[in-house]
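Let me begin by presenting the structure, written as structure tokens, before commenting on it.
Bear in mind that the values in this text are calculations on the coordinates, not laboratory data. Computed from a prediction, not measured in an experiment: that's the story for all the values here. For neighbour counting, all protein chains shown are included, and Cβ atoms are generated from backbone atoms with ideal geometry for every residue, glycine included.
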Amino acid sequence: MTDTKALTIAATTDREILMSRRFQAPPQLLFDAFTKPELVSQWLLGPPGWTMPVCEIDLRVGGAYRYVWRGTDGTEIGVGGVFREITPPERLVATEKYDMAWYPGEAEVTMVFEDDDGATWMKTFMKYESKAARDAVLASPMESGVSDSYDRLDTLLARSAS
């Protein structure tokens, strides 16, 4: 892979998706960007114009998180889950369930932050309850929203590293 900013998304099993991208920041900075509300709310926004008026994170095993995004037309999308594993700065595992489900059931999201000589390969494994749920996610416009968010994250990380 030559473009290290490229987001790759692939179905790895009939129920799982792997998203990966390399960031020019150490694993701890990336881990913090996913676990500190004051950072998450700056970059995890999806398409341009969306905001995150609710960003709550109780970072402990059994603790919950909750995000609510608001679109320019006032539409709100809420999601939440529970942390199952927290191993700073290498690994984070949590459930994911949307208020108004656009895919069936709940997902388990495992994020792995791998050091790469001062940079970090971030790999996100998303395991769904069924192949139908995985396929619904793959068919959605999720890739562009994630890519936009990761571009904002890259900018935030560059500011934090300097």
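A few points about this structure:
- In sequence order, segment 39-47 has phi-based couplings of 8, 3, 5, 8, 10, 7, 10, x, x Hz under the Karplus curve 6.51 cos²θ - 1.76 cosθ + 1.60, θ = phi - 60°, and Gly or Pro positions carry x.
- Point-charge dipole on Cβ atoms (K/R +1, D/E -1) for the chain, about Cα centre, debye to 20: 80
- Fully extending the segment from residue 106 to residue 14 would add 31.6 nm, taking 0.36 nm per residue of separation and subtracting the current Cα-Cα distance.
- Prolate/oblate/rounded label for segment 90-156 (Cα gyration tensor, a/c 1.5): prolate
- Length released on extending from residue 135 to residue 155, taking residue separation times 0.36 nm less the Cα-Cα span: 4.1 nm
- With neighbour counts taken as other beta-carbon atoms within 10 Å, the residues 60, 66 rank, fewest first, as 60, 66.
- Order by protection proxy (mean Cβ within 10 Å, highest first), peptides 31-44, 67-80: 31-44, 67-80
- Here's the list of aspartates and glutamates a cross-link from residue 36 could span, going by alpha-carbon distance under 15 Å and ignoring same-chain residues fewer than 8 apart: 56, 58.
- Using a Förster distance of 25 Å, the FRET efficiency for residue 56-residue 144 (Cβ separation, nearest 0.05): 0.45
- In sequence order, calculated HN-Hα J values of segment 75-88 (Karplus, 6.51, -1.76, 1.60; Hz; x Gly/Pro): 4, 10, 10, x, 8, x, x, 10, 6, 9, 8, 9, 10, x
- Dimensions in Å of segment 1-76 - Rg and Dmax from alpha carbons: 15.0, 39
- Matching label, Rg and Dmax of the Cα atoms in Å computed from the structure shown, candidates (1) 15.2, 48; (2) 15.3, 57; (3) 15.0, 44: (3)
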